[in-house]
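All remarks here apply to the structure that follows.
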Amino acid sequence: MTAPVVVFAVGNPSRGDDAIGPVICGRLAKWLANENLADQVDLIEDFQLNIEHALDLQGRELALFIDAGQNTPAPFIFAQIYPSTATGHTTHALPPEAVLQVYRQMEGKEPPPSFVLCVRGEKFELGEPLTATAGYHAAAAFELLMGLCRQPTAAAWEKAVHK
Amino acid sequence: MTYNLETAEHPEKLRRVAIDPVSRVEGHGKVTILLDEQNKVHQVRLHIVEFRGFEKFIQGRPYWEVPVMVQRLCGICPVSHHLAASKALDVIVGAKRLTPAAEKLRRLMHYGQMLQSHALHFFHLCSPDLLFGFDSDVTKRNIVGVAAAHPEIAKRGVLLRKFGQEVIRVTAGKRVHGTGAVPGGMNKSLTIAERDALLKDIYHIVSWSRDAVHLIQKVHIQDPGLYNSFGIFRSNFMSIVGHNGDLDFYHGTLRARDDNGKLIFDDVDYQQYDKYIEEEVRPWSYMKFPFFKSLGKEHGWYKVGPLARVQNCDQISTPFAEHERREFVDYAGGTPMHAPLAYHWTRMIEMLHAAEVIKDLLHDDDLLGDDLMVEGERRMEGVGVIEAPRGTLFHHYRVDENDLITMANLIVSTTNNNQAMNEAVRHVARRYLNGREVTEGLLNHIEVAIRAFDPCLSCATHALGKMPLAVELVDVEGNVVHSLSRS
């Protein structure tokens, strides 16, 4: 049975604050289990987003992309995102909007309402731990995340965007 | 084999064009081009920010942690590092020969990696250039543009990649950070359900892979003037080859040929690699320049990866891929093909071979076996070599009596191709940029040449908010006179 919500948590746990996504993902998995919400949310952790993640959007009602941000507002940004063709040049990693666009082109229909939770990181060096500042940012983001998971509707998430 | 255009005579008098970082290549790379007032090219360098922190990251860790740790060096081909490290540590735990089940499971994992990586590269990174042209609208020259114009091709690319990821998941335990391979063997076999799920799709995968070979073959043959000459340079080439000279991505001995295809060395045990290969440091690049010791720095550099492998082997063991290899060799006219854009054709031949090997392995009941581990006489040093998607990958470790890593040396595929990529970029700059006003389309020609090698710049950091590409033209006084950016 496909869970109605899919959460993508992106990042490399061994590259400093790039670990924000995996750290939040681990915390969220435990919290969902404690709250008996695990069957409502599928968690997908990966180093980076790529084309095959479009397939993980199939059959969902809501999608959330959690990632570290560099030079983005602190502690985090929560925003609704839409499919975008404006991805002229990318690395092997796709931005979330491009994943939505690949879904749209492959499936011939609109992706589920999708949101990004971009948590500011400070340092991204190989072998470095999460910085204390990033830890605070992740904690703040997790507060929001718990509220989102308790109210997994597009309307509630859109309201949270505008808070 | 000279280094023309590597160093200008009077760089202080020239304009500088920087492409930083190179787009659609993992991690960070930068191309700098020095031009005079007539836009004549005087110096071209591909700089790569290589993480020499690799070795430091690994040193001091217990050896059994290494196969898992090294996957975090690179988010693009973690399986290659996982298996190369495991092979090196097999030597250290005295596992001279793995059990049939363990070796076949590792092969399955590796060929799954090869399939998904080659599919991603072709359908995602390169098909935009190949289907739309190097000068096409920049906003369409990406996978999203491909999906819009060729939805079936784009969908197959996604499904091929997904299948390869699924092979990795069932063999490694997880799609990322898997733990399947351990020193001395594997820690899990396949269940019948996992095998049957893969068998259900494998015939489509083989069929689509054949179609992909035919697509790139057609693209290549339709425009030989471009595809046979773009960025061309002659060089030695190297790979491992398997039993009887077969194409083999997982195990074999080292073989190298010169630019005419004549053997330089063959049947070399890779435990002895450092007797044959040396790495040169140049002051302007963080990435080293490997070369064959017997030929010296100037003449001993080489290329690796699909174009090297397909022409270095004597045959391919699977029928469809062998047929395609022969087509390629015939097209090349019996002498080695050196055109960088031929990497795409050979990459698809390799993808087809990977699909066929996966099909054969899935019909082998050894994959379900539970005899997965061996050990033997403990050693203090081991080398593991594998043919990663981008080329030959070396992992070399020493451990102490407390099982801690005291020395680690990695030569990654992209390092092996360092000089070759520089040569390709210089050729393109000389051919297309010399004396012309620099435009985005012309700069993409440089990137097309680099992308042909599918370099992995070893950076799994991809945080949102990074600028993917900036190009600046700077005058003699250092003032920015023109800039291009893509965000």
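The stretch A:34-61 and the stretch B:212-270 have Cα centres spaced 40 Å apart. Just to be sure I understand the curve: with the Debye formula and one point per C-alpha of chain A, what is log10 I(q)/I(0) at q = 0.08 Å⁻¹? Result of the Debye calculation: -0.21.
The overall shape of the stretch B:315-417 is oblate: from the C-alpha gyration tensor, with semi-axes ordered a ≥ b ≥ c, the ratio a/c is 1.5 or greater and a/b is no larger than b/c.
When you look at the Cβ of every residue in B:65-72, what mean number of other chain Cβ atoms sits within 10 Å?
Shielding by partners across B:65-72 averages 2.
Under 5 Å from the amide H of B:V268 lie the amide H atoms of B:L254, each residue being 5 or more positions distant or on a separate chain, with H modelled from the backbone and absent for Pro and chain starts. How high is the relative contact order of chain A, given as a whole-number percent (alpha carbon pairs under 8 Å, six or more residues apart)? Result for chain A is 30 percent.
In the neighborhood of B:M114, defined by Cβ-to-Cβ distances under 13 Å, what is the net charge if each Lys or Arg adds +1 and each Asp or Glu adds -1? Net charge around B:M114: +1. Here the Kirkwood formula puts the hydrodynamic radius of the stretch B:53-416 at 20.9 Å, using every distinct Cα pair. Distances between placed amide hydrogens fall under 5 Å for B:G376 paired with B:G94, B:A95, all partners being 5 or more residues away or on another chain.
Let's see if you can work this out: charge +1 on each Lys and Arg Cβ, -1 on each Asp and Glu Cβ, no other charges. What is the dipole magnitude of the protein assembly as shown about its Cα centre, in debye to the nearest 20? Present the calculation step by step, with values, prior to reporting the outcome.
On the way: 68 positive and 81 negative charges, 137 e Å.
It works out to roughly 660 debye.
Work out which helices of chain A, taken as complete DSSP H runs, extend at least 18 Å along their axis over the Cα atoms and score a mean Kyte-Doolittle of 0.0 or more, then list them. Spell out each step's value before the answer.
Working: long enough: A:20-34 (21 Å, 0.78); A:132-150 (27 Å, 0.81).
Membrane-span-like by this rule: A:20-34, A:132-150.
Just tell me which aspartates and glutamates come within less than 13 Å, Cα to Cα, of B:K40; anything on the same chain fewer than 8 places away is out. Candidates past the 8-residue exclusion: B:E437. Full extension of the chain segment joining B:W64 with B:H243 gains 61.5 nm, where the gain is 0.36 nm per residue of separation less the Cα-Cα distance. Amide hydrogen proximity for A:F65: with H placed 1.01 Å from N in the peptide plane, the residues at 5 or more positions away or on another chain lying under 5 Å are A:F8, A:F115, A:V116, A:L117. Since only A:P75, A:V102, A:P129 are under comparison, the one whose Cα sits farthest along the positive direction of the charge dipole of the stretch A:5-163, derived from C-beta charges on Lys, Arg, Asp and Glu, is A:P75.
So what's the convex hull volume per residue for the Cα atoms of the stretch A:1-78, in Å³? Could the numbers behind the result be given before it?
Values: hull volume 8.0 nm³, N = 78.
Considering the Cα atoms of the stretch A:1-78, their hull volume per residue is 102 Å³.
Need one value for A:39-52: mean number of C-beta atoms belonging to other chains within 10 Å of its residues' C-beta atoms. Each step should come with its number before you reach the end.
Working: counts 0, 0, 0, 0, 0, 2, 4, 5, 12, 8, 1, 10, 15, 14.
Average per residue, whole number: 5.
Can you give the relative contact order of the stretch B:330-464 as a percent, counting alpha carbon pairs under 8 Å and 6+ residues apart? Don't skip to the end; give the middle numbers.
Values: 99 pairs, mean separation 27.2, N = 135.
Normalised by residue count, the contact order of the stretch B:330-464 is 20 percent.
For the stretch B:358-411 versus the stretch B:298-334, the inter-centroid distance based on Cα atoms is 26 Å.
On full extension of the chain, what length is gained from B:D269 through B:A193, given 0.36 nm per residue of separation minus the C-alpha to C-alpha distance?
Details: separation 76, 0.36 × 76 = 27.36 nm, distance 3.83 nm.
Computed gain between B:D269 and B:A193 is 23.5 nm.
Using only DSSP helix segments of four residues or longer, with each worth -39500 (n - 2.57), what per-residue ellipticity at 222 nm results for the protein assembly as shown after dividing by its residue count and rounding to 500?
Working: 20 runs with 243 residues, N = 650.
It comes out at -11500 deg cm²/dmol, rounded to the nearest 500.
Taken residue by residue and averaged, Cβ atoms of other chains lying within 10 Å of the Cβ of A:69-75 number 3. Rounded to the nearest angstrom and listed largest first, the equivalent-ellipsoid semi-axes of the protein assembly as shown from its Cα gyration tensor are 35, 32, 25. Computed from backbone phi with θ = phi - 60° and the Karplus coefficients 6.51, -1.76 and 1.60, the 3J(HN,Hα) list for the stretch B:330-335 is 4, 4, 6, x, x, 10 Hz; x is used for glycine and proline.
Here, each number is a calculation from the coordinates, and none is a lab measurement. In this text the structure is predicted, and so the values were computed from the model without any measurement. All Cβ positions, even for glycine, are placed from backbone atoms using ideal geometry, and neighbour counts span all protein chains on display.
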